[in-house]
Amino acid sequence: MTRIEDYALLGDLQTAALVSTTGSIDWLCFPRFDSPACFAALVDTPEAGHWRIAPAGGGTCTSRRYQDDTLVLETLWTTDEGSVKVLDFMPPRGHAPDVVRIVCGVSGAVPMRSELRLRFDYGHVVPWVRHHHDRMEAIAGPDAVRLRTPIPTRGENWSTLSDFTVRPGDRVPFVLTWSPSHLPAPKPVDAERALADTLKFWTDWSDRGTPIAGPHRDAIKRSLLTLKAMTYQPTGGIVAAPTTSLPEQIGGPRNWDYRYCWLRDSTYTLQALLAAGYLDEAKAWREWLLRAIAGNPDALQIMYSIDGTRRLPEAELPWLAGYENSHPVRTGNAASDQLQLDVWGETLDGLALARDAGIATTDDAWDMQVALMNHLEGNWQQPDNGLWEMRGARQHFTHSKVMAWVAADRMSRAVRTHDLDGPVGRWEALRDTIHADVLTHGFNADKNTFVQAYGSTALDASVLMIPRVGFLPGTDPRVQGTITAIQQDLTEDGFVKRYQTGNSGDGLTGGEGLFLACSFWLVDALHSAGRVDDAEALFVRLLTLRNDVGLLSEEWDPKAHRQLGNTPQAFSHFPLVVSALNLHAGKAHPSNQVPAAAPTAR
């Protein structure tokens, strides 16, 4: 079975594909990130759909890389017969989504094979296929896919095969295009022109950002390019990951659909994009956020679809075996119906960050924020499911209360500093009340650490964000005690766990890997505490967990030394960017400072 870290990402700003080191595209959803997959071998076997182009003898590639600061993947094979490379990319969306693959002869005469097995609806539907002199057409229900190539194709064992040989200078194109089956076929795409356009698009986009220097420049750029590729351009929404059901534990049940937009990503999203100079993307994300949350404030969800749809019903796909037999494979996400009070704080914090960056606030946008604050004011004392989407009994999670404090702090500061209307005195009083409540109930003096939930002694990585949001400075003894406790009791091989799953009451069986974002939070916490060398050392170790093309999944297995969870993961790449820019700056990030209007430590 191909490991999760063996996959590279292709994308056209509306959907994405994963290509393995064997040259096989094992995951692709047409026409959107959240559409049913036509290649689902990632979560089953090749029978569920894939497209492999590689030397006829098979095997893993010799090397691969993205061409400079682009999303054009170059994969090289060196064989006994010679060398060949394949260029894989998805041109930025025109009238229809395309996957373009160009086979380039380098040396010798290399026999090649293209094996295309289309299976619509997550491997469930075998299409009707017809071969013409210049194309192959596959149709089933609403989906039509056409493959155009100068190489003859043939049907064999329910697949479309092409065998050919490449020599130095040969460039053999394959273009796969999707369209609704009831519409005429899209115009053919010129592969070489599409390559030039795609290289120019990504190079121009990369150059638009703030120039980045320093030792972590390449890691930052690759993360930003990955995040851009996970953006749904029509709305500005950014998916948490382009995949579903890659397991948090091999063989376990913690397999979720991440092809949606989480509100709590908003602050990190805006912070990373603004810090890197991508103002247009930050504006688009903010506009998506405002549209998604519009409506009754008590109906705020933790996640929405890429177009803002609210109903995300969870279903299991029993015909799929799951990645390395990790089942079930799920679509939709039932966590969208949970109460997670931290989301109100994350949302208002993200909008405050945009406001401070000069992204204009309309009266309607402010009125919406006031409505959210008013709702939170009457509900912050409720127990909830927490940041980690616990499926057990609700608790008073410390992080949720801290984020309620963030909401009151950001809203009261907005009135003071941006001349906006609001009951600033009442919000400041609420801010102080929540602050005192957290210090009383969320901090365990005997253990000298903040804890996961009120009345608990369990640790939780989310409290590492206390200095980042300005609740307390990183130099506060309680923050430093928390850092020490987590390093001693909530790490494995130096990387941070979310929490101890065995006694968490999260409502799920099995364990999980190490959630990578948590270790980036530790980097930021160490930095804010003045332990810059320790922060840098941990950050450098985290970079070694990336795969050969710079991608991170959700989690890391420290025993098997492999990536786990959906990939690539926005919530791993955003904190990478923020932590790296923080370290590059050589000073504490502004968000690590206690705001002027916030209460001082007491």
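The values are calculated or read from the model by the stated rules, or taken from the named source; none is laboratory data. For clarity, every value in this text was computed on a predicted model and none was experimentally measured. Positions of Cβ are generated from backbone atoms using ideal geometry, with glycine treated the same way; all protein chains shown enter the neighbour counts. Calculation scope for accessible area: heavy atoms of the full protein, side chains included, ligands and nucleic acids excluded. Shrake-Rupley method; radii C 1.70, N 1.55, O 1.52, S 1.80 Å.
Scan the stretch 303-324 for residues that are at positive phi and open to solvent by less than 30 Å² (accessible area, probe 1.4 Å) and jot them down.
Gly308, Gly322
Yes or no, residue by residue, for (1) within 19 Å of Arg52 (Cα to Cα); (2) surrounded by fewer than 18 Cβ atoms within 10 Å (Cβ to Cβ); (3) β-branched (Val, Ile, Thr):
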| residue | (1), (2), (3) |
| --- | --- |
| Arg119 | yes, no, no |
| Met136 | yes, no, no |
| Ala144 | no, no, no |
| Pro152 | yes, yes, no |
| Arg171 | yes, yes, no |
| Ser179 | no, no, no |
| Ala185 | no, yes, no |
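So Arg130 fits all but one of (1) assigned to a strand (DSSP E or B); (2) surrounded by 16 or more Cβ atoms within 10 Å (Cβ to Cβ); (3) basic (Lys, Arg); what number is the exception?
With respect to (1) assigned to a strand (DSSP E or B); (2) surrounded by 16 or more Cβ atoms within 10 Å (Cβ to Cβ); (3) basic (Lys, Arg), Arg130 is out only on (2).
Going by the conditions given, is Leu341 under 22 Å from Asp432 (Cβ atoms), touching a residue at least 60 places away in the same chain (Cβ under 8 Å) and among the aliphatic types (A, V, I, L, M)?
When the stated conditions are applied, Leu341 passes them.
Per-residue answers, yes or no, for (1) outside any helix (DSSP H, G or I); (2) open to solvent by less than 10 Å² (accessible area, probe 1.4 Å); (3) at pLDDT below 95; (4) touching a strand residue (DSSP E or B) at 6+ places or on another chain (Cβ under 7 Å):
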{"site": "Val469", "(1), (2), (3), (4)": "yes, yes, no, no"}
{"site": "Gly474", "(1), (2), (3), (4)": "yes, yes, no, no"}
{"site": "Gln480", "(1), (2), (3), (4)": "no, no, no, no"}
{"site": "Ile483", "(1), (2), (3), (4)": "no, yes, no, no"}
{"site": "Ile486", "(1), (2), (3), (4)": "no, yes, no, yes"}
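Looking at Leu545, Leu581, which is the one that is more than 22 Å from His327 (Cα to Cα), modelled with pLDDT of 85 or more and either assigned to a loop (DSSP other than H, G, I, E, B) or open to solvent by less than 10 Å² (accessible area, probe 1.4 Å) (or both)?
Result of the check over Leu545, Leu581: Leu545.
List every residue pair whose Cβ atoms sit under 6 Å apart, with the two residues 6 or more apart in sequence or on different chains, where the first one lies in the stretch 390-410 and is open to solvent by 10 Å² or more (accessible area, probe 1.4 Å) and the second, anywhere, is in a helix (DSSP H, G or I) and aliphatic (A, V, I, L, M).
Arg410/Leu348; Arg410/Ala352
So, in the stretch 367-407, of the ones that are in a helix (DSSP H, G or I) and more than 28 Å from the chain's Cα centre (by Cα), which residue ends up farthest from Thr440 (Cα to Cα)?
My answer is Asp367.
Among the numbered criteria (1) modelled with pLDDT of 95 or more; (2) acidic (Asp, Glu); (3) over 21 Å from Gly386 (Cβ atoms), which single criterion is violated by Asp257?
(3)
Within the stretch 288-302, how many residues turn out to be open to solvent by less than 10 Å² (accessible area, probe 1.4 Å) and assigned to a helix (DSSP H, G or I)?
Counting residues in the stretch 288-302 that are open to solvent by less than 10 Å² (accessible area, probe 1.4 Å) and assigned to a helix (DSSP H, G or I) gives 4.
If we only count strands (runs of 3 or more DSSP E) wholly inside the stretch 1-98, which ones have 3 or more residues that are in contact (Cβ under 8 Å) with a residue 60 or more places away in the chain?
Counting at least 3 such residues, we get 8-11, 16-19, 24-29, 37-39, 50-55, 63-66, 82-89.
List pairs: first in the stretch 433-456 and more than 20 Å from Asn385 (Cα to Cα), second among the aliphatic types (A, V, I, L, M), Cβ under 6 Å, 6+ apart or cross-chain?
The qualifying pairs are Asn444/Val451; Thr449/Ala485.
So Ile434 passes all but one of these: (1) touching a helix residue (DSSP H, G or I) at 6+ places or on another chain (Cβ under 8 Å); (2) more than 15 Å from Leu526 (Cβ to Cβ); (3) part of a loop (DSSP other than H, G, I, E, B). Which condition number does it fail?
(3)
Residue by residue, here is whether (1) surrounded by fewer than 23 Cβ atoms within 10 Å (Cβ to Cβ); (2) under 13 Å from the mean Cα position of the chain (by Cα); (3) in contact (Cβ under 8 Å) with a residue 40 or more places away in the chain holds:
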{"position": "Leu225", "(1), (2), (3)": "yes, yes, yes"}
{"position": "Pro234", "(1), (2), (3)": "yes, no, yes"}
{"position": "Val239", "(1), (2), (3)": "no, yes, yes"}
{"position": "Ile250", "(1), (2), (3)": "yes, no, yes"}
{"position": "Gly277", "(1), (2), (3)": "yes, no, yes"}
{"position": "Lys283", "(1), (2), (3)": "yes, no, yes"}
{"position": "Arg286", "(1), (2), (3)": "no, no, yes"}
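Has the stretch 334-343 got at least one residue that is crowded, with 24+ Cβ neighbours inside 10 Å and over 24 Å from Arg311 (Cβ atoms)?
no
Looking at (1) within 24 Å of Trp262 (Cβ to Cβ); (2) without any contact (Cβ under 8 Å) to a residue 60 or more places away in the chain; (3) open to solvent by less than 50 Å² (accessible area, probe 1.4 Å), which is the only condition Gly422 fails?
Going through the list (1) within 24 Å of Trp262 (Cβ to Cβ); (2) without any contact (Cβ under 8 Å) to a residue 60 or more places away in the chain; (3) open to solvent by less than 50 Å² (accessible area, probe 1.4 Å), Gly422 breaks only (1).
Restricting attention to the stretch 147-205, which residues are basic (Lys, Arg), under 18 Å from Pro92 (Cα atoms) and assigned to a loop (DSSP other than H, G, I, E, B)?
Result: Lys187, single match.
Look through the stretch 371-389, keep the residues that are open to solvent by 30 Å² or more (accessible area, probe 1.4 Å) and of a type outside the set (Gly, Ala, Ser), and return whichever of them is modelled with the lowest pLDDT.
By that ranking, first place goes to Glu389.
Across the stretch 32-62, what is the total count of residues that are over 14 Å from Asp88 (Cα atoms), over 19 Å from the mean Cα position of the chain (by Cα), surrounded by fewer than 22 Cβ atoms within 10 Å (Cβ to Cβ) and at pLDDT 95 or above?
Adding up the residues that qualify gives 6.
Of all residues in the stretch 199-221, count the ones that are more than 18 Å from His573 (Cα to Cα) and charged (D, E, K, R).
Looking only at that region, the number is 4.
May I ask you to list the residues in the stretch 252-269 that are touching an Asp or Glu at 6+ places or on another chain (Cβ under 7 Å), open to solvent by less than 10 Å² (accessible area, probe 1.4 Å) and among the charged types (D, E, K, R)?
Listed by number, the residues that qualify are Arg254, Arg259.
Output the residue which, of all residues in the stretch 207-223 that are of a type in the set (Gly, Ala, Ser) and under 17 Å from Ile238 (Cβ atoms), is surrounded by the most Cβ atoms within 10 Å (Cβ to Cβ).
By that ranking, first place goes to Ser223.
Among the listed residues Pro55, Pro127, Pro46, which satisfies the condition of being of a type outside the set (Gly, Ala, Ser) and in contact with a Ser or Thr (Cβ under 6 Å, 6 or more places away or on another chain)?
Pro55
Kindly list the number of the only condition in (1) closer than 10 Å to Leu341 by Cβ; (2) modelled with pLDDT of 95 or more that fails for Val406.
Against the list (1) closer than 10 Å to Leu341 by Cβ; (2) modelled with pLDDT of 95 or more, Val406 comes up short only on (1).
List pairs: first in the stretch 541-562 and among the acidic types (Asp, Glu), second part of a loop (DSSP other than H, G, I, E, B), Cβ under 6 Å, 6+ apart or cross-chain?
Going by the 6 Å Cβ cut-off, the qualifying pairs are Glu554/Gly565; Glu554/Asn566; Glu554/Gln569; Glu555/Glu248; Glu555/Gly513; Glu555/Gly565; Asp557/Gly513.
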